[in-house]
Structure formats: structure tokens, C-alpha cells
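A.B. asks: Once you've had a glance at the structure underneath, I'll fire off some questions.
What follows draws every value from the coordinates through simple rules; no lab data is involved. No experiment lies behind these values; they were computed from the predicted model shown. Here Cβ is always computed from backbone atoms with ideal geometry, including for glycine, and neighbour counts include all displayed protein chains.
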Amino acid sequence: MMKLCLVLLALMLAGAASEGVEKRIVGSLSCKKERPYHVQVESVQGGIVCGGSLLNTRWVLTAAHCAGRLVTVKIGLTYHLSFWKRLKKGFKSIKSEQQIQVTQQFAFKGDDDKPHDIMLIRLNQDVSPELPIIKLPATDCTRPGQGTEVDIGGWGAKKADLQNAKIPKSLRCAVTEIASCGDNDKPDDKYHSDEANTMCAFRPGVEACPGDAGTAVVFNELLHGVIASKPIDDCANPIVIMDVCHYRNWIDETMRKE
């Protein structure tokens, strides 16, 4: 009888915990030491906060709707050196914060000259080579198939009012699955979207909230997608993603010539 009571109590506690899980992209799990390449992109005029990924010491990849204006890029927020490494450096920080002009922001444009919701940002100066980066897949890569689990993360608020919303104290992570897109699952109308460049992900309870756009979608430890969902009044599920494989050649060409 005692064992039965303990089982019932455990089930009740589990149910209460599941009801209390916050509906943000992260499923309420801390990334801990994961995603040290994550950067934060903020509009200098306020109102827009996004994520991004550090590709190398000079370039960041994010969603196009996250910029297109003067922005501040904060790098190294999620990278924490050990005490001994900090001591060796004299406790000098390798984190970086730079204001980036529109002239250093490059959104992909197709043959119709309409932008896609993916953007490269060139930093003003190289950041420390000690800062971790995220690797890109090969130029001939293909997107993860439907049903494939992918890793996502974000620092998004739980509601659209970013001025008053509670922002997590640490980057949060979750796992979702690549799924088919519905008719309304696409980037903002100002951006081109079709089956070739856009994919979606769905898992109950895993949602993209304001502030999560621009962050990396990772498969096999490689950057395969950029979250393009732009929820306004609520969080988004399915999550709309720009397929990085579709843009691999453009990414390389842009970083070489700019």
C-alpha cells in the first residue's frame, strides 16, 4: 500500500511539473555550456532583440528582420572561462560589444531582388579567436529530413512586450523535430519564401517566442538553420526556419568579397 501511495504521489508531482513548464523555445532547460557561439543582436533604438551565431572572428549569421537598422551585437555572453583561464588572462574579458551600421549587414536577395529572411553581419573588428564558433555544413549539404531531431536555443521573452517581459537569466535549449510547413508557416511577407529555402519544426510545448529569432538550428553539431519565426502576440509553433544549405554558397561568397 505504501509503495502504491508513493507511485501515485510521484505521478501527481510529475503532472504538476509538466503543467508548470513555460512555453518558450527552450522547454525551461538551461543550455549550461552549450551554444557558446550564440550572440545577441539588439536594435539601438530598442524594441527588437534577436539571437545570432558567430561563424568566425568577423562574421555573424542571423535573420534579416533582426537588423536592417543600427544594431548592437553582443558576443561571448554565453561563453564562460574557468577561474584559472581568467586568472591567466589577468581577468581581462574576451567578450565584445559592437555597434554595426546597415552598410555592414547583408541580406540574401534572389533573382527577383526580394530579400530572404537571412542575413550576414560583418563586425567592425575581429573578436578574440578564443571565442567559440559554430561550424557550417558542407556546401553540397542537404537539410535534415522530416522527423529528424534538431537542437534549438534562445534567450527570448515569454511575451511580446519585451520592455516588461521576463527574460531568462541564461540561454535556454530544447530539441524539436523537422516537420512539414503549413500554408501560413513562412517568414514575414516582405521576405521571399518557398519550399526550397524554408523549413519548419514542431514538437508540442517547444515554441519560438519574441527574442528567439535569428538563433541557430543545429544538426550533428553543424549550423543547418536560422529561426525566422517572428511571433508578435504569442509564441510560434511550428517554428519557421531558413534552410542554411540553400544559402551555403552565398555565405561563402559574401564573406570572401565583403
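A.B. asks: How charged is the neighbourhood of Cys141? Take every other residue with its Cβ under 14 Å from the Cβ of Cys141, and add Lys/Arg as +1 and Asp/Glu as -1. Let's see the in-between values first.
C.D. replies: Working: positive: Lys135, Arg143, Arg248; negative: Asp140, Glu221, Asp243, Asp252.
It works out to a net charge of -1.
A.B. asks: Treating only the Cβ atoms of Lys and Arg (+1) and Asp and Glu (-1) as charged, compute the dipole magnitude of the range 219-258 about its Cα centre; round to the nearest 20 debye. Working shown, then result.
C.D. replies: Values: 4 positive and 7 negative charges, 31 e Å.
Rounded to the nearest 20 debye, it is 140 debye.
A.B. asks: Say a paramagnetic label sat at a point 7 Å from the Cα of Asp140, along Cα to Cβ; which residues of the range 237-258 have their backbone N under 19 Å from it?
C.D. replies: 244-253, by backbone N distance to the label point.
A.B. asks: A further question on this structure: Stretch Lys33-Glu97 to full length: gain in nm at 0.36 nm per residue minus the Cα-Cα span?
C.D. replies: Contour length minus the Cα-Cα distance gives 21.0 nm.
A.B. asks: Given the C-alpha centroids of the range 183-236 and the range 95-123, what is the distance between them in whole angstrom?
C.D. replies: Here the answer is 18 Å between Cα centres.
A.B. asks: Given a Förster radius of 25 Å and the C-beta distance between Glu195 and Arg58 as r, what FRET efficiency does 1/(1 + (r/R0)^6) yield to the nearest 0.05? Please report the intermediate quantities before stating the final value.
C.D. replies: On the way: r = 32 Å, r/R0 = 1.29.
Efficiency, from the Cβ-Cβ distance: 0.20.
A.B. asks: Moving to a separate point now. Give me a comma-separated list of calculated 3J(HN,Hα) values for the range 145-155, in order, Karplus coefficients 6.51, -1.76, 1.60 applied at θ = phi - 60°, integers in Hz, x for any Gly or Pro.
C.D. replies: x, 4, x, 6, 6, 10, 9, 10, x, x, 10
A.B. asks: Still on this structure: Using R₀ = 30 Å, calculate the FRET efficiency as 1/(1 + (r/R₀)^6) where r is the Cβ-Cβ separation of Ser170 and Gln45; round to 0.05.
C.D. replies: Working: r = 26 Å, r/R0 = 0.88.
Efficiency, from the Cβ-Cβ distance: 0.70.
A.B. asks: Report the local net charge at Gln101: Lys and Arg +1, Asp and Glu -1, summed over other residues whose C-beta lies under 11 Å from its C-beta.
C.D. replies: Details: positive: Arg69, Arg122; negative: none.
With Lys, Arg at +1 and Asp, Glu at -1, the net is +2.
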